[in-house]
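Colleague: To start, I am sharing the structure in question, which I have written as structure tokens.
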Amino acid sequence: MYDGFLFELEGILDPHTQAIPFTSETVDHLSPTAFVSATRSAAAVASLLSGLGVDTRQAQVVTRSQAAARLLPGLVPAQRDEFVLGTAAVAGDEPSHPVLLREAIRRTGARYPLAISQSLDFVAAARLIRIPSVLVLNASTDLRSLLRTSPDRRPTFVATDLRDLFRLQPIVDGDARYWECEGWTATVTNGRLRLYPGPLSTLAAGARVLCAAAWNHRGPDLDIESAVRLLTSLAV
């Protein structure tokens, strides 16, 4: 469905600056790709990714100054489709993910781009410019944050690892109290979210049914703790 893949660099790294599982084999099968970083220089990004098994040249890196320059038409000559996008604080010190995402789309030439990250901030930027996104769950963007996030920060898709990018994302079926997907079921009973597990091979479906149930809940505050603990324990 998609013809351009926009990765936030930190979205494929763990807290120890190592690649999360299945990074190199995932990126190798996607093209064209872009990598957005909020903290590193072009040389550092290229060196880091190459060291992690993702072949990257410094010529593929766009720094924050180049991203800012793109705001002035024609200032920076066109480059290759594949690149790594360095972070820019284009207007003062405000975050500029939407600017970087637009530049990534332009460089890849994508008509149907997909943004991929472990950050709800990055997902929110993608929503702002109306492109679909994938949130890869990790320790910092956990289910609690996801289930309680506001509509303007919600991802299009939820993944439990990068292999989910190659899997179908079936629609969750259900009603106001019952949600089902790939054998996983979530219910809301007396203000409590409950999860009934399905196959571990479709773990992301468990996250999706929990999202569907929580985001469609219209009553008082929803008790999500037992459902979150169950899915987290199964993911270990």
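The values are calculated or read from the model by the stated rules, or taken from the named source; none is laboratory data. Keep in mind the model is a prediction, meaning the values are calculated, not measured. Ideal geometry is used to build each Cβ from the backbone, glycine not excepted, and the neighbour counts take in all protein chains shown. Accessible surface areas use protein heavy atoms only, side chains included; no ligands, DNA or RNA. Shrake-Rupley method; radii C 1.70, N 1.55, O 1.52, S 1.80 Å.
Colleague: State the Cα centre-to-centre distance between the stretch 168-201 and the stretch 108-131 in whole Å.
Modeller: First find each Cα centre; the distance between them is then 26 Å.
Colleague: Find, among the GluC sites (Glu not before Pro) in the stretch 134-236, those assigned to loop by DSSP (not H, G, I, E, B) with at most 12 other beta-carbon atoms within 10 angstrom.
Modeller: Nothing satisfies the criteria.
Colleague: Sorted by accessible area (1.4 Å probe), largest first, how do Val209, Val99 line up?
Modeller: Result, largest first: Val99, Val209.
Colleague: Write out the trypsin sites (Lys or Arg not before Pro) in the stretch 105-143 meeting two conditions: DSSP loop, and at most 16 other Cβ atoms within 10 Å of their Cβ.
Modeller: Arg111, Arg130
Colleague: Mind listing which trypsin sites (Lys or Arg not before Pro) in the stretch 185-236 are in a DSSP loop and have 11 or fewer other Cβ atoms within 10 Å?
Modeller: Sites meeting the loop and neighbour criteria: Arg218.
Colleague: Tell me which of Thr160, Tyr196, Gly174 sits at the most positive position along the dipole axis of the stretch 147-236, charges placed on C-beta atoms (Lys, Arg +1; Asp, Glu -1).
Modeller: Thr160
Colleague: Given the peptides 12-21, 160-169, arrange them by the average over their residues of other C-beta atoms within 10 Å, most packed first.
Modeller: 160-169, 12-21
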